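Engineer: This is the structure, below, for whatever I ask next.
The values are calculated or read from the model by the stated rules, or taken from the named source; none is laboratory data. Since we're looking at a predicted model, the values are computed, not measured. Note that each Cβ is placed from the backbone with ideal geometry, even for glycine, and that neighbours are counted across all protein chains shown. Accessible surface is based on the protein model in full, side chains and every heavy atom, while ligands, DNA and RNA are left aside. Shrake-Rupley method; radii C 1.70, N 1.55, O 1.52, S 1.80 Å.
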Amino acid sequence: DAGVIQSPRHEVTEMGQEVTLRCKPISGHDYLFWYRQTMMRGLELLIYFNNNVPIDDSGMPEDRFSAKMPNASFSTLKIQPSEPRDSAVYFCASSTGTQRPPLHFGNGTRLTVT
Amino acid sequence: AQKITQTQPGMFVQEKEAVTLDCTYDTSDPSYGLFWYKQPSSGEMIFLIYQGSYDQQNATEGRYSLNFQKARKSANLVISASQLGDSAMYFCAMRDFNTDKLIFGTGTRLQVFP
């Protein structure tokens, strides 16, 4: 199994630009989570999906952030326009069902907004 | 609302000794799961151990064990026979089975010295 795949691994962009982060969950997993990790705030849950449907987006910081899951094998997190305070590591994670199965994390995308 | 608290920002332990990393949680839901993850300096999130709220026995996985005290709402991670490779950030997380939401504590940085 290839695991959760995120791209790009690193992204450097200028303030005001649009940024799109991509995630391919593990095949057969029906839950997908997006987290943001910073030194100040730790790991914050931004949004999660079940069967491609957004369940809770209360963690999305602002309207500048949006996430989609058009099919079971692909999700995007978009920031438009980006700001320096968006600099962080963004993780995607997936799992089968609920309860016992752990989340499997991708390697993260390190975003730097200058 | 769910809440996870890790009160130890940093811990030191000598190689081959045991160490306990603290985690307390708060939820009004009787059904939930507790997870511990390790994040080495390379950045990936590694699942270590799981405890369900209805599990009768404390979970164990090799050198990792979870000291689950439901009445106190604590789920401390015990690492026995520490190794230099155990140096990393450790995160406690809780999944509410009612919402499937999984949130993380702020983490504890463990350093193992020779």
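Residue-wise test of (1) within 15 Å of the chain's Cα centre (by Cα); (2) closer than 21 Å to A:SER95 by Cα.
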site: A:ILE5; (1), (2): yes, yes
site: A:VAL12; (1), (2): no, no
site: A:GLY28; (1), (2): no, yes
site: A:ARG36; (1), (2): yes, yes
site: A:ARG41; (1), (2): no, no
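Engineer: Follow-up. Considering (1) within 9 Å of chain A (Cβ to nearest Cβ); (2) in contact (Cβ under 8 Å) with a residue 12 or more places away in the chain; (3) within 28 Å of A:GLN6 (Cβ to Cβ), say which one B:GLY52 fails and leave the rest.
Structural biologist: B:GLY52 satisfies all of (1) within 9 Å of chain A (Cβ to nearest Cβ); (2) in contact (Cβ under 8 Å) with a residue 12 or more places away in the chain; (3) within 28 Å of A:GLN6 (Cβ to Cβ) except (3).
Engineer: Select from the range A:47-78 the residues that are within 14 Å of another protein chain (Cβ to nearest Cβ) and either among the small types (Gly, Ala, Ser) or touching a residue at least 60 places away in the same chain (Cβ under 8 Å) (or both) and write down the one among them that is surrounded by the most Cβ atoms within 10 Å (Cβ to Cβ).
Structural biologist: Residues of the range A:47-78 that are within 14 Å of another protein chain (Cβ to nearest Cβ), as a first pass: A:47-51, A:53-60.
Subset that is either among the small types (Gly, Ala, Ser) or touching a residue at least 60 places away in the same chain (Cβ under 8 Å) (or both): A:58-59.
Details: A:SER58: 8, A:GLY59: 17.
Per the stated criteria, the residue is A:GLY59.
Engineer: Further question on the same structure: Which ones in the range B:98-114 are open to solvent by 40 Å² or more (accessible area, probe 1.4 Å) and either among the aromatic types (Phe, Trp, Tyr) or more than 14 Å from every other protein chain (Cβ to nearest Cβ) (or both)?
Structural biologist: Step one: filter the range B:98-114 for residues open to solvent by 40 Å² or more (accessible area, probe 1.4 Å), giving B:98-99, B:101, B:106, B:109, B:111, B:113-114.
Those that are open to solvent by 40 Å² or more (accessible area, probe 1.4 Å) and either among the aromatic types (Phe, Trp, Tyr) or more than 14 Å from every other protein chain (Cβ to nearest Cβ) (or both): B:GLN111, B:PHE113, B:PRO114.
Engineer: If you don't mind, another one. Check B:PHE68, B:PHE47, B:PHE12, B:PHE35 and return the single one that is without any contact (Cβ under 8 Å) to a residue 24 or more places away in the chain and either of a type outside the set (D, E, K, R) or within 11 Å of chain A (Cβ to nearest Cβ) (or both). Before you say what the answer is, go through the steps one by one.
Structural biologist: Values: B:PHE68 fails: without any contact (Cβ under 8 Å) to a residue 24 or more places away in the chain; B:PHE12 fails: without any contact (Cβ under 8 Å) to a residue 24 or more places away in the chain; B:PHE35 fails: without any contact (Cβ under 8 Å) to a residue 24 or more places away in the chain.
Of the residues listed, the single one that is without any contact (Cβ under 8 Å) to a residue 24 or more places away in the chain and either of a type outside the set (D, E, K, R) or within 11 Å of chain A (Cβ to nearest Cβ) (or both) is B:PHE47.
Engineer: Let me ask another. Just checking: which of the strands (runs of 3 or more DSSP E) contained wholly in the range B:43-95 hold 3 or more residues that are farther than 14 Å from A:ARG100 by Cβ and of a type outside the set (Gly, Ala, Ser)? Before you say what the answer is, go through the steps one by one.
Structural biologist: Numbers: elements: B:46-52, B:64-69, B:74-79.
Where strands (runs of 3 or more DSSP E) fall fully within the range B:43-95 and carry at least 3 residues being farther than 14 Å from A:ARG100 by Cβ and of a type outside the set (Gly, Ala, Ser), they are B:64-69, B:74-79.
Engineer: Can you name the residue in the range A:14-37 that is in a strand (DSSP E or B) and touching a helix residue (DSSP H, G or I) at 6+ places or on another chain (Cβ under 9 Å) and, of all such residues, is farthest from the other protein chains (Cβ to nearest Cβ)? Explain how you work it out, then say what you get.
Structural biologist: So in the range A:14-37, the residues in a strand (DSSP E or B) come out as A:19-24, A:31-37.
Filter again for touching a helix residue (DSSP H, G or I) at 6+ places or on another chain (Cβ under 9 Å), leaving A:19, A:36.
Working: A:VAL19: 19, A:ARG36: 11 Å.
Taking the candidates together, the pick is A:VAL19.
Engineer: On to the next question. Spot the failing condition for B:ARG95; the list is (1) modelled with pLDDT of 95 or more; (2) touching a Ser or Thr at 6+ places or on another chain (Cβ under 8 Å); (3) among the basic types (Lys, Arg), and only one is missed.
Structural biologist: (1)
Engineer: For A:SER94, all conditions in the list (1) closer than 26 Å to B:LEU48 by Cα; (2) open to solvent by 40 Å² or more (accessible area, probe 1.4 Å); (3) of a type in the set (S, T, N, Q); (4) in contact with a strand residue (DSSP E or B) (Cβ under 9 Å, 6 or more places away or on another chain) hold save one; what is the number of the exception?
Structural biologist: Only one criterion in (1) closer than 26 Å to B:LEU48 by Cα; (2) open to solvent by 40 Å² or more (accessible area, probe 1.4 Å); (3) of a type in the set (S, T, N, Q); (4) in contact with a strand residue (DSSP E or B) (Cβ under 9 Å, 6 or more places away or on another chain) is unmet by A:SER94, namely (2).
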